[in-house]
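Participant: Dropping a structure here in structure tokens format, bear with me for questions.
Only the coordinates and a few stated rules stand behind these numbers; no lab work does. The structure displayed is predicted, hence computed values, not measured ones. Here the Cβ positions follow ideal geometry from the backbone for every residue, glycine too, while neighbour counts run over all protein chains shown.
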Amino acid sequence: MLELIASTITLTIISGVIVGFFLGVFGGGGSVLAAPLLLYLVNVDDPHIAIGTSAAGVAVIALINLAGHWSAGRVKWPCALAFGFSGLIGSIAGSSLAKITQGEVLLIGFSGAMAMIALSMFRKPHTYGNPDVSLTPTLTMKLIPVGLVVGMAAGFFGIGGGFLIVPGLMLATGMTMANATASSLVSVAIFGAATSSNYAISGLVKFELVLFMLVGGAIGGALGILTSKRLTQHAQLARKLFASMILIVAIGVAYQGIQDLIAI
């Protein structure tokens, strides 16, 4: 049982600062560090608790970021809600499967998701698309199956899934990158809330850790936004360096998961 002592609180806040900083600098991808930080820095001993707790934090962060995009008019609500609610079923199914999956096996799968996120960040994002896209029956039929699959992946791995949601929205609707990024936060919040709620029912979410991570996340996010402005001319290089770091962490998580599995 993890005791809520001064060192644990401090390390959790530091973890939040790290996650918030990278989210502020790069947007999507930063939240995937939350679970590894809880496991290996804060020393949460159960992968399920680390993933369930980080999913709750991701949901709150997504809602905070969504407010800004909403006020700027970048969220395509009909498309976002169709995608999000179709994926809700998938996220519940995915998180239910994850809860009964052996922790070590879950970590190995999580490392694979991290590697996919890292590799997706090496690609140069496309900015073209239709800024006036609207939901039609044809688009709805495209969004529902993609949302279901992405929601299941997000629920199983306890990640926001933004790296899958953004291209999924662009592919299904033809909307711009800016609209897809903003609209994806609706799904990230829905998937994170569903996943963390499912874990919480089984007592696998430490809400006090979520609170301290969010405190650190607010500080880190502010620092990240300031840093991002200074990295404007080197944004692509910085993005690749960050992706490389995620890939290295993914390898470490996979190695630890395999070692723990062998030791059983």
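Participant: Relative to the longest principal axis of the C-alpha atoms of the chain, give the angle of the C-alpha long axis of helix 6-26, reported between 0 and 90° and rounded to the nearest 10°.
Facilitator: 20
Participant: For the chain, compute Rg over Rh where Rg is the Cα radius of gyration and Rh is the Kirkwood radius from the inverse mean 1/r over Cα pairs. Please list the in-between numbers first.
Facilitator: On the way: Rg = 17.5 Å, Rh = 18.3 Å.
Answer for the chain: 0.96.
Participant: Here's a follow-up. If neighbour count is taken as other Cβ atoms inside 10 Å, put V105, V210 in order from fewest to most.
Facilitator: Ordered from fewest to most neighbouring Cβ atoms within 10 Å, V105, V210 come out as V105, V210.
Participant: Next question, about the same structure. Taking amide H positions as placed in the peptide plane 1.01 Å from N, state which residues far from M175 in sequence (5 or more) or on other chains have amide H under 5 Å from it.
Facilitator: Answer set, sorted by chain and number: N130.
Participant: Treat the count of other C-beta atoms within 10 Å as a stand-in for reagent exposure and order V58, V188, V215 from fewest to most.
Facilitator: Working: V58 32, V188 27, V215 16.
Lowest to highest Cβ neighbour count: V215, V188, V58.
Participant: Turning to a different aspect of this structure: Could you state the angle between the C-alpha long axis of helix 77-99 and the longest principal axis of the C-alpha atoms of the chain, as a value from 0 to 90 degrees rounded to the nearest 10?
Facilitator: Long axis of 77-99 versus the principal axis of the chain: about 30 degrees.
Participant: Further question: Using only Cα atoms, find the angle between the long axis of helix 177-201 and the longest principal axis of the chain, and express it within 0 to 90 degrees, rounded to the nearest 10.
Facilitator: 40
Participant: How about K206: which lysines have a C-alpha closer than 16 Å to its C-alpha, ignoring those fewer than 8 places off in the same chain?
Facilitator: K99
Participant: Just to be sure I understand: with springs between alpha-carbon atoms less than 10 Å apart, which residue in I144, I14, I100 has the highest mean-square fluctuation in the Gaussian network model of the chain?
Facilitator: Fluctuation is largest for I100.
Participant: Continuing with the same structure: How large is the charge dipole for the chain, taken about the Cα centre, if only the Cβ atoms of Lys, Arg (+1) and Asp, Glu (-1) carry charge, to the nearest 20 debye? List each step's numbers first, then the result.
Facilitator: Details: 11 positive and 7 negative charges, 189 e Å.
Value, rounded to 20: 900 debye.
Participant: Identify which of T101, T136, T195 has the largest mean-square fluctuation in a Gaussian network model of the chain, with springs joining Cα atoms closer than 10 Å.
Facilitator: Among T101, T136, T195, the largest mean-square fluctuation in the Gaussian network model of the chain belongs to T136.
Participant: For A263 and Q233, calculate 0.36 nm times their separation in residues minus their Cα-Cα distance, and state this gained length in nm to one decimal.
Facilitator: Result for the pair: 6.1 nm of gain on full extension.
Participant: Sorted from fewest to most neighbouring beta carbons within 10 Å, what does the list K76, K229 look like?
Facilitator: Details: K76 24, K229 8.
The fewest-first ordering by Cβ neighbours comes to K229, K76.
Participant: For region 71-112, what is the Kirkwood hydrodynamic radius in Å, using each pair of distinct C-alpha atoms? All intermediate terms of the calculation are to be shown ahead of the outcome.
Facilitator: Numbers: mean 1/r = 0.0799 Å⁻¹.
Result for region 71-112 stands at 12.5 Å.
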